[in-house]
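Encoded as structure tokens, the structure appears first; notes follow it.
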Amino acid sequence: MAAALAGCATAGGDVAALERTLRAHASATAALEEWCAARGFAAAPQIAATLIAGPAPATPPGLRERLGVSRDEPLGYRHVRLSCGSRVLSVAHNWFVRAALSRDMNAALDTGDIPFGKIAAPLGFTRETIDTRRGGEPGCPAGTVLSQVALLRLPDGRPLAFLTECYTPAAVE
């Protein structure tokens, strides 16, 4: 039993360390690359985004108001797994303001495996964490060890994206 409790303490400590790493970066992608490198999860600590097929879920209540867009303005939605090597570190839901991104950025988000944080990095966004919790937010997969809800803002304060990030047990093992 003591060994099981020690394992829980270690995992909890790793979750706290992951939280600190996420707080230190405007981009979860940059935080996860640092995290992956520090833990040796892959020979090349690069984060890849794998698109998860399927229709977008219902728009969260108040989303358009949070993003400062009208009902007619198109939003982008991306549901991805973020991985380092073969290890899936998180699953993310990302609603974003298409008009705030270039045509090339939108095309890359629609079709590629580059994470949002890397594609939008030239915009110099900042991150405003709305909620952090141990366990999952609604929409997170079972077993989520940490979840965050965040708003990304452009340097002039305009909202860029609304995110729900679900961190997996593999991120802290």
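Miscellaneous remarks
- The phi torsions of region 119-125, fed into the Karplus equation with coefficients 6.51, -1.76 and 1.60 and a -60° offset, translate into couplings of 5, 8, 3, x, 7, x, 5 Hz, rounded to whole numbers, with Gly and Pro shown as x.
- Net charge contributed by nearby residues that have their C-beta within less than 14 Å of PRO45 (K/R +1, D/E -1): +1
- Each residue of region 129-140 was assigned a 3J(HN,Hα) from its phi angle through the Karplus expression (A = 6.51, B = -1.76, C = 1.60, θ = phi - 60°), giving 6, 8, 8, 10, 8, 6, x, x, 6, x, x, 7 Hz with x at Gly and Pro.
- In order along region 84-101, the phi-based Karplus estimate (6.51 cos²θ - 1.76 cosθ + 1.60, θ = phi - 60°) of 3J(HN,Hα) comes to 10, x, 8, 9, 7, 8, 7, 10, 10, 10, 9, 9, 9, 7, 4, 5, 7, 10 Hz; Gly and Pro are listed as x.
- Proxy reagent accessibility, fewest Cβ within 10 Å first, across GLU33, GLU128, GLU137, GLU65: GLU65, GLU128, GLU137, GLU33
- Cα-based Rg and Dmax for region 111-173, where Dmax is the largest Cα-Cα distance (Å): 13.2, 38
- Each of ASP14, ASP113, ASP156 was scored by other Cβ atoms within 10 Å of its Cβ. Arranged with the fewest first, they read ASP156, ASP113, ASP14.
- Amide H contacts of ILE130 (H built 1.01 Å from N, in plane; Pro and chain starts excluded): VAL149, ALA150, LEU151 sit under 5 Å, all sequence-distant by 5 or more or on other chains.
- Residues whose amide H comes within less than 5 Å of that of SER27, counting only those at least five positions distant or on another chain, are absent (H built at 1.01 Å from N in the peptide plane).
- Listed options for semi-axes √(5λ) of the Cα gyration tensor in Å are (1) 31, 19, 15; (2) 28, 17, 15; (3) 25, 20, 14. The value calculated from this structure is the one marked (2).
The numbers here are math on the coordinates, done by the rules we state, and not lab data. Quick caveat, the model's predicted, so the values are computed rather than measured. Using ideal geometry, Cβ is built from the backbone for each residue, glycine included, and neighbour counts are taken over all protein chains shown.
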